[in-house]
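Scroll down for the structure; my scribbles are underneath it.
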Amino acid sequence: MAGFILAMTVFMLSFSNVMAGEIQGPYFLDNRNIDRDPVTGIAVPPGFKATVFADIDGYARHMAVRDDGAVYLALTVRMGRGSNMGIVAMQDTNNDGIADVIERFATDIPGTALQFYNGYLYFGSKTAIYRFSFEGDNIVPAGSPEIVVDGFPVQRLHEAKTFAIDDSNNLFVNVGAPSNACMEEFRTKGSPGQFPCPHLDIQAGIWKFSADKINQTQFSDGMRVATGIRNAVALEWSREHQQVFFLTHGRDALFTLFPEYYTAEQSSELPSEEMHTLREGAHYGWPYSYYDHIQNKRVLAPEYGGDGTEGVDPGLYEKPIATFPGHWAPNDMMFYKGEQLPEYFKNGMFIVWHGSWNKAPLPQDGYSVIFVPFRAGVPGNDWQYFANKFKGERLLENPADAAHRPTGIAEGANGEIYISSTVSGRVWKITYSGK
């Protein structure tokens, strides 16, 4: 078994390198031959500089940056790790790359998503979308938040209400599925899936609301735009591409639930993490199917009669526009619009991978930020590692031992990039100065 695991590890390194293409110029990292910076705890490409912008006590999530450069970080409570909630406002007033002004507000609300829109700071909690207004250049809001949308279901799993706002004031909200695969008996070996899956009625999809209207509720004011999406934590509107893009968290436990069809090694790499564009009325396949990037096809889920090889009827579900190795956990994405980075990055996508927790017997993986170039509105398959070594130097068996787990990304007022980590509460600032 040890020899097989080693062989699989070598194979996946080669497979990942094929997926990522050749290392291009000075902008990217060779994932295998880099060292962590002893101060920042991560590695960035030649020509780039990372500083520890802030170390925040709390379980850090997504970020947003105001036009004046103030950085806002969401905090949540997750599985008992950290009790601080709300939003942290940070400023670097002496331009040394480190936040010297730190203020907290909304400390009774746990949340994930943040975005500035029409002068308001929008904040996605576990059951609602809020917005805050500001007076002048104060970094703390003037008063209590307004409720934009409320009434989302209370759930223990995949509860983060991430969102995107387009140029027509449409607010798109991710409502995750509180389930792995909609089984009749939750995570029970061999249990069949529920059909139809009841979660598809109110969860496991993306809902649309008005971004400039307050006191909306999911069922009175919302419209379900798409379904069959297990959990789209990474959700983004691209003005350049005029599309909403998202990445899904794929299901897990194929081997432990259906060992007659899957080996542990297969289960550690499947299913694919999928990138999609949002299309009204579309079904994206969960829980009835999943995408297999090794077979390059959508496969019928074992809970619904699949055996790991049987495909689905053409046209039932959306095909991903890009796929990535399983269990990496896409938690945020960002299209770069600034001028500081080289032109190569313009309108391409950064993806933040929170990292796996269930890839045994292979080492845990992900825990990185990659860059995906776009050409004619389509993602290239020559993605590259941009920031890495978040998890630490050694092979990682337990994700709880990771030094950092990247979660959020935001572009600064001058084109710099900010990245956040959940387990450490750290926020990095990454700038480019050339060779």
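The values are calculated or read from the model by the stated rules, or taken from the named source; none is laboratory data. Just so it is clear, the structure is predicted and the values come from calculations on it, not from any experiment. Using ideal geometry, Cβ is built from the backbone for each residue, glycine included, and neighbour counts are taken over all protein chains shown.
Name the pairs whose Cβ atoms lie under 7 Å apart, with the first residue in the range 243-268 and surrounded by fewer than 21 Cβ atoms within 10 Å (Cβ to Cβ) and part of a helix (DSSP H, G or I), the second modelled with pLDDT of 95 or more and of a type in the set (Val, Ile, Thr), and 6 or more positions between them or separate chains?
PHE255/THR263
List pairs: first residue in the range 221-236 and surrounded by 22 or more Cβ atoms within 10 Å (Cβ to Cβ), second residue of a type in the set (D, E, K, R) and modelled with pLDDT of 95 or more anywhere in the structure, Cβ distance under 6 angstrom, at least six positions apart or on different chains.
ALA234/ASP332
Going through the range 103-120 one residue at a time, which ones are within 18 Å of VAL173 (Cβ to Cβ) and not hydrophobic (A, V, I, L, M, F, W, C)?
Looking only at the range 103-120, we keep the residues that are within 18 Å of VAL173 (Cβ to Cβ), and these are 109-118, 120.
Within the range 103-120, PRO110, GLY111, THR112, GLN115, TYR117, ASN118, TYR120 qualify.
Limited to the range 325-360, what total is found for residues that are part of a loop (DSSP other than H, G, I, E, B) and either within 10 Å of the chain's Cα centre (by Cα) or in contact (Cβ under 8 Å) with a residue 40 or more places away in the chain (or both)?
First, the residues of the range 325-360 that are part of a loop (DSSP other than H, G, I, E, B): 325-329, 336-342, 346-348, 354-360.
Among the residues that remain, those that are also either within 10 Å of the chain's Cα centre (by Cα) or in contact (Cβ under 8 Å) with a residue 40 or more places away in the chain (or both) are: 325-329, 336-342, 347, 354-360.
Going through the range 325-360 one residue at a time, the tally reaches 20.
Hey, can you tell me all the residues within the range 277-310 that are among the basic types (Lys, Arg) and farther than 19 Å from ARG224 by Cα?
If we filter the range 277-310 for residues that are among the basic types (Lys, Arg), which is where we start, we get 279, 297-298.
LYS297, ARG298 - these are the residues of the range 277-310 that are among the basic types (Lys, Arg) and farther than 19 Å from ARG224 by Cα.
Has the range 375-382 got any residue that is aliphatic (A, V, I, L, M) and over 17 Å from PHE48 (Cβ atoms)? So that I can check it myself, show each step before the final result.
Start the filter on the range 375-382 by keeping residues that are aliphatic (A, V, I, L, M), which leaves 376, 378.
Now narrow it down to the ones that are over 17 Å from PHE48 (Cβ atoms): 376, 378.
Checked against the condition, which is being aliphatic (A, V, I, L, M) and over 17 Å from PHE48 (Cβ atoms), the range 375-382 yields at least one hit.
In this structure, does ALA181 turn out to be buried (at least 17 other Cβ atoms within 10 Å of the Cβ), touching a helix residue (DSSP H, G or I) at 6+ places or on another chain (Cβ under 9 Å), assigned to a loop (DSSP other than H, G, I, E, B) and of a type outside the set (Lys, Arg)? Before you say what the answer is, go through the steps one by one.
Working: buried (at least 17 other Cβ atoms within 10 Å of the Cβ): yes; touching a helix residue (DSSP H, G or I) at 6+ places or on another chain (Cβ under 9 Å): yes; assigned to a loop (DSSP other than H, G, I, E, B): yes; of a type outside the set (Lys, Arg): yes.
So ALA181 fits the description; yes.
Just a yes or no: is a residue in the range 129-151 of a type in the set (Asp, Glu) and either buried (at least 18 other Cβ atoms within 10 Å of the Cβ) or within 17 Å of the chain's Cα centre (by Cα) (or both)?
Looking only at the range 129-151, we keep the residues that are of a type in the set (Asp, Glu), and these are 135, 137, 146, 150.
After this cut, where a residue has to be either buried (at least 18 other Cβ atoms within 10 Å of the Cβ) or within 17 Å of the chain's Cα centre (by Cα) (or both) as well, the list is none.
Taking every residue of the range 129-151 in turn, none turns out to be of a type in the set (Asp, Glu) and either buried (at least 18 other Cβ atoms within 10 Å of the Cβ) or within 17 Å of the chain's Cα centre (by Cα) (or both).
Return the residue satisfying two criteria in turn: it lies in the range 217-235 and is of a type in the set (A, V, I, L, M, F, W, C) and assigned to a loop (DSSP other than H, G, I, E, B), and of such residues it is nearest to the chain's Cα centre (by Cα). Before you say what the answer is, go through the steps one by one.
Our first condition is that a residue be of a type in the set (A, V, I, L, M, F, W, C); within the range 217-235, this holds for 219, 223, 225-226, 229, 232-235.
Those left that are additionally assigned to a loop (DSSP other than H, G, I, E, B): 229, 232-233.
Numbers: ILE229: 14, ALA232: 7, VAL233: 5 Å.
If we take residues in the range 217-235 being of a type in the set (A, V, I, L, M, F, W, C) and assigned to a loop (DSSP other than H, G, I, E, B), then VAL233 is nearest to the chain's Cα centre (by Cα).
When both residues are 6+ apart or on different chains and their Cβ atoms are under 6 Å apart, which pairs have a first residue that lies in the range 124-140 and is more than 20 Å from THR76 (Cβ to Cβ), and a second that is of a type outside the set (A, V, I, L, M) and in a strand (DSSP E or B)?
Partner pairs satisfying both residue conditions: SER133/TYR120; ILE139/GLU103.
Can you pull out every residue in the range 269-308 that is under 18 Å from TRP328 (Cβ atoms), part of a strand (DSSP E or B) and either of a type in the set (Asp, Glu) or out of contact with any Pro (no Cβ under 8 Å at 6 or more places or on another chain) (or both)?
GLU273, GLU274, ASP292
Filtering the range 361-385 down to residues that are in contact with a Gly (Cβ under 6 Å, 6 or more places away or on another chain) and part of a loop (DSSP other than H, G, I, E, B), which residue is farthest from VAL427 (Cα to Cα)?
So, considering only residues that are in contact with a Gly (Cβ under 6 Å, 6 or more places away or on another chain) and part of a loop (DSSP other than H, G, I, E, B), the one farthest from VAL427 (Cα to Cα) is ASP382.
Identify, from the list GLY47, GLY119, GLY58, GLY69, the residue that is surrounded by fewer than 14 Cβ atoms within 10 Å (Cβ to Cβ) and either at pLDDT below 95 or over 28 Å from ASN231 (Cα atoms) (or both).
Going through GLY47, GLY119, GLY58, GLY69 in turn, the sole match is GLY119.
Can you report the number of residues in the range 208-238 which are among the hydroxyl-bearing types (Ser, Thr, Tyr) and more than 30 Å from TRP328 (Cα to Cα)? Spell out how you get there, then give the answer.
Of the range 208-238, the ones among the hydroxyl-bearing types (Ser, Thr, Tyr) are 210, 217, 220, 227, 238.
Among the residues that remain, those that are also more than 30 Å from TRP328 (Cα to Cα) are: 210, 217, 220.
Residues flagged as among the hydroxyl-bearing types (Ser, Thr, Tyr) and more than 30 Å from TRP328 (Cα to Cα) within the range 208-238 amount to 3.
Please return the ranges of strands (runs of 3 or more DSSP E) entirely within the range 87-142 where 3 or more residues are within 16 Å of TYR418 (Cβ to Cβ) and touching a Phe, Trp or Tyr at 6+ places or on another chain (Cβ under 8 Å).
Working: elements: 101-105, 111-117, 120-125, 129-132.
It comes to 111-117.
Residue check: is TRP383 over 30 Å from THR188 (Cα atoms), at pLDDT below 95 and touching a helix residue (DSSP H, G or I) at 6+ places or on another chain (Cβ under 8 Å)? Steps first, answer last, please.
Working: over 30 Å from THR188 (Cα atoms): yes; at pLDDT below 95: yes; touching a helix residue (DSSP H, G or I) at 6+ places or on another chain (Cβ under 8 Å): yes.
Yes, satisfied.
Exactly one condition in (1) closer than 20 Å to GLU411 by Cβ; (2) under 20 Å from the mean Cα position of the chain (by Cα) is not met by ARG66; state its number.
(2)
Exactly one condition in (1) surrounded by fewer than 20 Cβ atoms within 10 Å (Cβ to Cβ); (2) over 17 Å from the mean Cα position of the chain (by Cα); (3) modelled with pLDDT of 95 or more is false for ILE321; which is it?
So ILE321 meets the others, but not (2).
Which of the residues spanning the range 378-409 are aliphatic (A, V, I, L, M), buried (at least 22 other Cβ atoms within 10 Å of the Cβ) and under 22 Å from PHE245 (Cα atoms)? Break it down stepwise before answering.
Let us first name the residues in the range 378-409 that are aliphatic (A, V, I, L, M), namely 378, 387, 395-396, 400, 402-403, 409.
Adding the requirement that they be buried (at least 22 other Cβ atoms within 10 Å of the Cβ) leaves 387, 402, 409.
ALA387, ILE409 - these are the residues of the range 378-409 that are aliphatic (A, V, I, L, M), buried (at least 22 other Cβ atoms within 10 Å of the Cβ) and under 22 Å from PHE245 (Cα atoms).
Filter the range 184-216 down to the residues that are surrounded by 14 or more Cβ atoms within 10 Å (Cβ to Cβ), among the hydroxyl-bearing types (Ser, Thr, Tyr) and part of a loop (DSSP other than H, G, I, E, B) and list them by number.
Within the range 184-216, SER191 is the sole residue that qualifies.
Can you pull out every residue in the range 99-116 that is surrounded by fewer than 19 Cβ atoms within 10 Å (Cβ to Cβ) and either charged (D, E, K, R) or touching a residue at least 60 places away in the same chain (Cβ under 8 Å) (or both)?
Within the range 99-116, ASP100, GLU103, ARG104, ASP108 meet the criteria.
Residues that are of a type outside the set (Ser, Thr, Tyr) and under 22 Å from ASN231 (Cα atoms): does the range 335-342 have at least one?
Within the range 335-342, the first condition is being of a type outside the set (Ser, Thr, Tyr), and the residues that meet it are 335, 337-342.
Subsequent filtering for residues that are under 22 Å from ASN231 (Cα atoms) retains 335.
Scanning the range 335-342, I find at least one residue that is of a type outside the set (Ser, Thr, Tyr) and under 22 Å from ASN231 (Cα atoms), so the answer is yes.
Restricting to the range 394-425, what's the tally of residues that are among the hydrophobic types (A, V, I, L, M, F, W, C) and assigned to a loop (DSSP other than H, G, I, E, B)? Please lay out each step first, then the result.
Here is the first cut: in the range 394-425, the residues among the hydrophobic types (A, V, I, L, M, F, W, C) are 395-396, 400, 402-403, 409-410, 413, 417, 419, 423.
Filter once more, so that each one left must be assigned to a loop (DSSP other than H, G, I, E, B): 395-396, 402-403, 413, 423.
Count: 6.
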